[in-house]
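Take a look at the structure below.
The values are calculated or read from the model by the stated rules, or taken from the named source; none is laboratory data. These numbers were taken from a predicted model, which means no experiment stands behind them. Note that each Cβ is placed from the backbone with ideal geometry, even for glycine, and that neighbours are counted across all protein chains shown. Ligands, DNA and RNA are excluded from the accessible area calculation, which covers all protein heavy atoms including side chains. Shrake-Rupley method; radii C 1.70, N 1.55, O 1.52, S 1.80 Å.
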Amino acid sequence: MSRALLRGAAALALLGALAGCKPDEPANSGAQPVVQRLSEQQYRQTIADIFGADIKVTGRFEPIVRREGLQAVGAVAATVTPSGFEQFDVMARGIAAQAFDDAHRARTVDCQPKAADAPDSACAAHVLARYGRLLFRRPLTDDEVKDRVAVADAATRSAGNFYAGLQFALATELEMPEFLFRIDRSVADPDHSGQRRLDGYAKASRLSFLLWNAAPDSELLDAAGHGDLDTRRGLTREVDRLLASPRLEEGVRAFFSDMLVFESFDTLAKDPLIYPKFSTAVAASAQEQTLKTVADLLVRQNADYRDLFVTRHTFMNRALGPVYYVPVASKEGWEPFDFPADDPRGGLLSQVSFTALYAHPGQSSPTLRGKAIRELLLCQKVPAPPANVDFTVVQDTSNPLYRTARARLTAHRTAPTCAGCHKIMDPIGLALENFDGAGGYRTTEAGTPIDASGDLNGRAFTTPIELGHALHDDPAATACLVGTLYKYAAGRAPVPGEAAWLKWLNDRFAADGYRLVDLLRTIATSDGFYAVSQPASASRDEANLRHGQGKEG
Amino acid sequence: MASAIARRTVLRGLCHGGRVALAVPLLDCLLSSNGTALADGRPLPVRFGTWFWGCGMNPERWTPKKTGPDYDLTPELQPIAPVRGKITLLSGFNVELDGKPNHVHWSGNIGLRTGAAPAQANQNDLPTLDVLIADAVGTDSRFRSLEVTATGNPRHSYSSRSTSVINPSEPSPLAFYTRLFGPDFQDPNGADFKPDPKVMLRRSVLSSVSDDRKRLLTEVGAADRARLDQYFTSVRQLEQQLDMQLQKPPPAEACRVPGKPADAPLGQEITQVVANHRLMTQLMIMALACNQTKVFNMVFTDSASSTTKAGTDKTHHTLTHEEAVDPAQGCQPQATWFEMQSIQAWAEFVAAMDAVMEGPGTLLDNCLVLAHSDTSFARIHSVVDLPIMLAGGAGGRVKPGLHVAGTGDVVSRVGLTLQQVMGVPVDRWGTGKMETRKPVGEILV
């Protein structure tokens, strides 16, 4: 652990101790509980955490359609199609086969079966209850354990092998909806009569997926089982533990990957003749560079979120060196890098991940970049273009009058139907025209010098760096982060009954110097984060009695 | 049949009978000796598919003057010359927006496939017609439907029950091969058949995944209940797949297990798209001939085609908006070049299906394939006069090789016709102004 990280952890512990008094938190109505499908990353992380990082997960995850700008919200509408389930079946059988093979058995099966070729219900129950709890993120009921043991025993008899029996039974656990979906369960809120809140295990899942993008570990499930997450002291203790862990970086990276639409990297390609430097390795490295920058700045340094738009500190590897025109000494891996004070690069917007992702395969795109800044970083919706819009007159790059994108777009947005939207996208997108469609720096387009000046909501700038500063100072940027993070954490858009609570969250963020870790703590230790508006069905109470409040066995 | 054996019974059988001792009824007695048709005289299966390309065409260079058979081949229909007699061209059919916005590259595609103009971009509440057809005819084949794309992106799929249930496209020919012809494949023409004990075991334990279905469904709200129910339906379909693997498959004379394709690079550069489309075509044809599915969906390029050509700076989509019209040719030459690649690929697909002999004719004769795009003239995202082609005879139920000119009719007439031909019991289809009870009678036998 680095010294900075240790310092961070000490500071966190101190803050945790101070957080003992209940902050002045306004009421939050909450909304209906959600049922969220695990993302690919969450699934993979869960398997690695439980069975070891060497277990291969082989199969295709069916895509989740973004909603409200986030995969995390899309996951609340996602289901499993027949071909999607076929893939989950392939993955489950593959994982289960590895988990109990000769190489892993000693670690994964901590009881000795009576015979290798006969059922041993007690040992099977022990193993399947242990993994079932970690997979379902709550203890299994007695009936559930019995059902899994019945599968294991029957399969053991059929296959003539105890471990084969375990394997089949574990595969079913991996295929069950209780694993593939996070099912929020709620209980009556004893602190607020007539209201509801998430039960302890649902709280544990919310916390863990938000902060680590992983399923709750055994310790957190214990805390949930003991009712600790329902007390301020117990909740604060667990939140501090999760925040102090190096795994917090994974959680923060997952959030930014979602916010910045990084799944587009899966299929991002550039024309190799126009951008010969851009390769699969560059694409992967560009994405990693941004996530490293984010994790370093916002978690390790615990710096102001707004600095992300202006920081000159980043990381380089061999693949990125030629794209940035900088020497990279390390043959393998990453090295810290600082752009000099007079360098045109600095901040998130100048990184290849942003400029290459928001561009065409063979061309830059001020409009796509302007739209991404407005929608992703400022949460300002840009209306869709009219269906019958005509771009041809102004997009003819062979026209000597319109050599640069600026010249072409200026002509285009004088058309009244186009003006409204392009006025809000182009001035900021054009500021990044010094970066070509693959993120390379340039000063001219078609022989004509690039003019990167413009304005953001009235604030003028002349360079990409100055655009970063304008974004840094725009109050919409921090409000956007709070709103997006809350949507990500809750799996849904805010409801009207949460307005006062969200304002409080924004105020706290400002008071804490726009530090993301503090914002995460505020959310995670609040009551509002766990509020539920009302039971979704009449039988929910009864179900919760059976499942939500089971103590650790 | 294995499918009729309750899970508890199977488990009990496994418990009491020791090593796999389940008898699975064989179906030999149900098959005629020559294997071309079922002994009870039922004809060969009729299959349905869709084939999609993005960014449309140029109506004035597309639509033939002559209707009926032997229609004239306009400049943009030249690639289908070798298979014209097998392709019916439908012109003059529109998506009626019904007061809703024209969501670019979405309303035309989804309007055609669901019979309703979608209220929001990237959302559709209604099932696409391939899903409706698969529900009616696809339940007795191994896969209810198969979706593939030549673009490398699994999100490029226009087959969905709703926005939450989009059937993802397989982008990799190698992965598609493995799914079809990998270890789980039962060769219909295999010399001997023995049910695989491992599959039996998988089948018997799989049902236990749904043990708590009832309880779970009572615990969640209505919308989540529908989603979980879809999950359980998906489990059920895998159970049915396994049931089928435990029965001797009926022989399929046209079935030839194809070779394993190389792991080709995936992407949207046009030469990659064309190469992967060819590989997917061969695999899909054999998936049909080997009775693995009766319904399929192929995507050649995506809605709003982001296909590229090496060394050029604009995608197909960008070209449709930004390229100037060449007055001599009457079109945007580069954008039209991409369109011609699409039509060429479609002609190749049809020819490949027609090259497989099956029964008294060809595989194509026993199929009905709908090819269409998301728009007619892409520059303005027109949803009027959408380009639509049908290939195949649907087992003698439709007349191939005609040009039928609608006169601005709702395109839901086409969807209604296809469903009726495929045996979906439906007498009207479409929503609002798209509702129709009038099939395209000209093509029916």
Cα axis of helix B:333-354 to longest principal axis of chain B: angle in degrees, 0 to 90, nearest 10? 40
Computed ³J(HN,Hα) along the range B:429-434: with the Karplus parameters 6.51/-1.76/1.60, θ = phi - 60°, integer Hz and x for glycine or proline, the list is 7, x, 10, x, 5, 8
Gaussian network model of chain B, Cα springs within a sub-10 Å range: biggest mean-square fluctuation belongs to which of B:204, B:91, B:373? B:204
Counting only other chains, and only Cβ atoms inside 10 Å, what mean value do you get across the residues of B:153-161? 3
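Using a 1.4 Å probe over the heavy atoms of the protein chains, calculate the carbon and sulfur portion of the accessible area of the range B:393-436 as a whole percent. Walk me through the numbers before you get to the answer.
Values: 830 of 1650 Å².
The computed percentage sits at 50.
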Among B:170-179, A:43-52, how do they line up from the highest to the lowest mean number of other beta-carbon atoms within 10 Å? B:170-179, A:43-52
Hey, got the average number of other protein chain Cβ atoms within 10 angstrom for residues in B:265-272? 2
Report ³J(HN,Hα) in whole Hz for each residue of the range A:471-484, in order, from the Karplus equation J = 6.51 cos²θ - 1.76 cosθ + 1.60 where θ = phi - 60°; Gly and Pro get x. 5, 3, 8, 7, x, 5, 5, 6, 5, 5, 5, 4, x, 5
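Could you list the chymotrypsin sites (Phe, Trp or Tyr not before Pro) in the range B:95-166 that lie in coil according to DSSP, counting only those with at most 10 other Cβ atoms within 10 Å of their Cβ?
Numbers: sites: B:106, B:143, B:158; in loops: B:106, B:158.
Counting only loop positions with at most 10 other Cβ atoms within 10 Å, none of the chymotrypsin sites (Phe, Trp or Tyr not before Pro) in the range B:95-166 qualifies.
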Violating pairs (Cα-Cα greater than 23 angstrom) within the set B:194/B:294; A:203/A:292; B:294/B:399; A:381/B:433; A:56/B:248; A:114/B:194: B:194/B:294; A:203/A:292; A:381/B:433; A:56/B:248; A:114/B:194
Test of understanding: in a Gaussian network model of chain B with alpha carbons linked when under 10 Å, which of B:361, B:430, B:401 would top the mean-square fluctuation ranking? B:361
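Per residue of A:263-273, what is the mean number of Cβ atoms on other protein chains within 10 angstrom of that residue's Cβ? Before the final figure, lay out each step's value.
Numbers: counts 1, 1, 0, 4, 11, 1, 9, 1, 9, 3, 5.
That average works out to 4.
Does the protein assembly as shown classify as rounded, prolate or oblate by the C-alpha gyration tensor (a ≥ b ≥ c root eigenvalues; a/c under 1.5 gives rounded; else a/b over b/c gives prolate, otherwise oblate)? Can you show the working numbers first?
Values: a/c = 1.80, a/b = 1.05, b/c = 1.71.
Oblate, because a/c is 1.5 or more while a/b does not exceed b/c.
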Protection-proxy order for peptides A:429-435, B:363-369, A:241-247, A:90-96, each taking the mean of Cβ atoms within 10 Å per residue, highest first: A:429-435, B:363-369, A:90-96, A:241-247
Compute the accessible area of each residue in the range A:32-63 twice, once for its chain alone and once with every protein chain present, using a 1.4 Å probe on heavy atoms, and list those whose area falls by at least 30 Å². A:35, A:60, A:63
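If you roll a 1.4 Å probe over the range A:214-332 with all protein chains in place, what percent of the accessible area is carbon or sulfur?
Numbers: 2450 of 4660 Å².
Carbon with sulfur: 53 percent of the solvent-accessible area.
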So what are the ³J(HN,Hα) numbers for the range A:174-183, from phi and the Karplus equation (6.51, -1.76, 1.60; θ = phi - 60°), rounded to whole Hz, Gly and Pro as x? 6, 9, 7, x, 5, 8, 6, 10, 8, 9
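How much area per residue is accessible in the protein assembly as shown when the probe is 1.4 Å and only protein heavy atoms are counted (Å²)? It would help to have the intermediate numbers written out before the result.
Details: 37160 Å² over 998 residues.
Per residue, the protein assembly as shown has an accessible area of 37 Å².
Just want to confirm a number: the relative contact order over the range B:125-263, from Cα pairs under 8 angstrom separated by 6+ residues, in percent. List each step's numbers first, then the result.
Values: 134 pairs, mean separation 38.8, N = 139.
Across the range B:125-263, relative contact order equals 28 percent.
Taking all protein chains in place and a 1.4 Å probe, what share, in percent, of the accessible surface of the range A:38-182 do carbon and sulfur account for?
Numbers: 2440 of 4820 Å².
Looking at the range A:38-182 in its full context, I get 51 percent from C and S.
Roughly how much accessible area, to the nearest 100 Å², goes out of reach of solvent when A and B pair up, both sides summed, probe 1.4 Å?
On the way: alone 23880 and 19050 Å², together 37160 Å².
Buried: approximately 5800 Å² between B and A.
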Which residues of the range A:158-186 bury at least 50 Å² of accessible area once all protein chains are present, versus their chain alone (1.4 Å probe)? A:158, A:168, A:177
Just to confirm the number: angle between the C-alpha axis of helix A:121-136 and the first principal axis of chain A, 0 to 90 degrees, nearest 10? 30
Taking amide hydrogens as modeled 1.01 Å from N in the peptide plane, which residues meet the under 5 Å criterion relative to residue B:367, leaving out close sequence neighbours? B:47, B:393, B:394, B:395
Protein-protein interface of the range B:297-313, residues with accessible area decrease of at least 40 Å², isolated chain reference, 1.4 Å probe: B:311, B:313
Burial ranking of peptide ranges B:223-232, A:196-205, B:124-133 (average Cβ count within 10 Å, highest at the top): A:196-205, B:124-133, B:223-232
